Structure formats: C-alpha cells, structure tokens
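Notes follow once the structure below has been shown.
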C-alpha cells in the first residue's frame with residue numbers, strides 16, 4: 001500500500017477512514033538500492049558493500065583457513081571451510097563465536113575437569129568462553145566466526161603439532 005491508513009493509527013480511535021500520503025515520499029514511489037555504485041573499500045581494505053557468504057566461500061577451498069569478509073569495530077567477521085580435526089587450543093583473552101553455515105561442526109571442550117562435545121548444525125551458534133580449551137572438528141561444512149582482529153586460529157596456546165591443513169593465521173582478507 002502506498003499511503004498510510006489512519007484508521008489503524010494510534011490515537012485515531014478508528015474514526016478516520018481516509019488515507020494520506022507519507023510525508024516526503026510520493027505515492028507508490030519505490031527505491032532501488034541495487035543501482036548504486038558500491039562504496040570504496042575502507043581504510044583496512046575490507047569492502048564495505050554487501051557480501052554474499054555463499055559466493056565468498058566459493059572463492060577458496062582451503063579448510064581451516066579463514067577469510068575476513070567484514071569488520072565491526074575491532075572485530076573480524078571470518079568464514080572458513082571445515083573438515084577433519086583442528087588442534088586443541090585456547091584463547092586467553094577472548095571468547096570465540098561460531099555460526100555453522102553448512103554441514104556439521106563439533107567443538108570439544110575441556111572444562112570442569114572433563115571433556116564434552118557440542119554438536120552444531122546449520123544455523124546454530126556457540127560461544128567458546130575465553131580461557132576454555134577447545135578442539136573443533138567437522139565431517140565437512142562451513143562456519144562464520146566473530147572475534148577480535150588479530151585473533152589466531154590456533155589460539156594463544158595449542159597442544160601438539162598443528163596439522164598441515166590447519167592454517168595458523170589471524171585471517172586473510174577475502175580475495176587474497
């Protein structure tokens with residue numbers, strides 16, 4: 001509908017059945033934002049236009065090698081393909097946020113003197129609390145992570161050798 005129906009507006013008590021035009025907008029005006037030129041990259045080199053996560057994931061195949069697709073204040077938004085076991089590690093100063101985009105993703109935690117595994121599917125999130133040892137694993141899929149810029153994928157400390165397929169990095173800007 002291109003105009004307001006004042007019969008449902010608070011304070012009109014349904015007495016006015018007329019409609020009126022929205023201030024500053026002509027009737028039946030539509031706006032197309034798709035025709036705008038994308039804004040230039042910001043000072044950190046991250047594109048500030050919309051990002052399609054499926055298209056971004058299609059640009060690389062490396063597993064456990066996150067790509068930075070955006071930034072919010074001092075936080076990186078990263079995506080990664082997952083398959084196999086990661087390495088036991090801990091982030092001493094920050095929580096770690098995971099959102100499963102596709103497939104299955106498990107996070108085994110060492111806390112309270114034992115181990116427990118959190119199993120996640122598409123659309124599910126989990127936050128690993130700071131200082132908690134954890135080991136991600138997956139039968140295959142993709143995830144989104146939200147963490148402070150500069151956070152290493154293998155944490156502040158890790159246990160054992162890092163598998164060759166695990167990229168110990170703070171992330172790479174998508175396209176690099």
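Restricting attention to region 133-157, the residues being part of a strand (DSSP E or B) and either loosely packed, with under 15 Cβ neighbours inside 10 Å or at pLDDT below 90 (or both) number 3. Output yes when any residue across region 85-105 is surrounded by fewer than 17 Cβ atoms within 10 Å (Cβ to Cβ) and at positive phi, and no when none is. No, region 85-105 has no match at all. Of note, residue 130 satisfies the criterion of being surrounded by fewer than 14 Cβ atoms within 10 Å (Cβ to Cβ), in the same structural domain as residue 62 (by TED's automatic domain parsing) and over 23 Å from residue 51 (Cα atoms). Do we have residue 92 as assigned by TED's automatic domain parsing to the domain that holds residue 152, in contact (Cβ under 8 Å) with a residue 12 or more places away in the chain and outside any loop (DSSP other than H, G, I, E, B) here? Answer is no for this residue.
The values are calculated or read from the model by the stated rules, or taken from the named source; none is laboratory data. Quick caveat, the model's predicted, so the values are computed rather than measured. We place every Cβ from the backbone using ideal geometry, glycine too, and count neighbours over all the protein chains shown.
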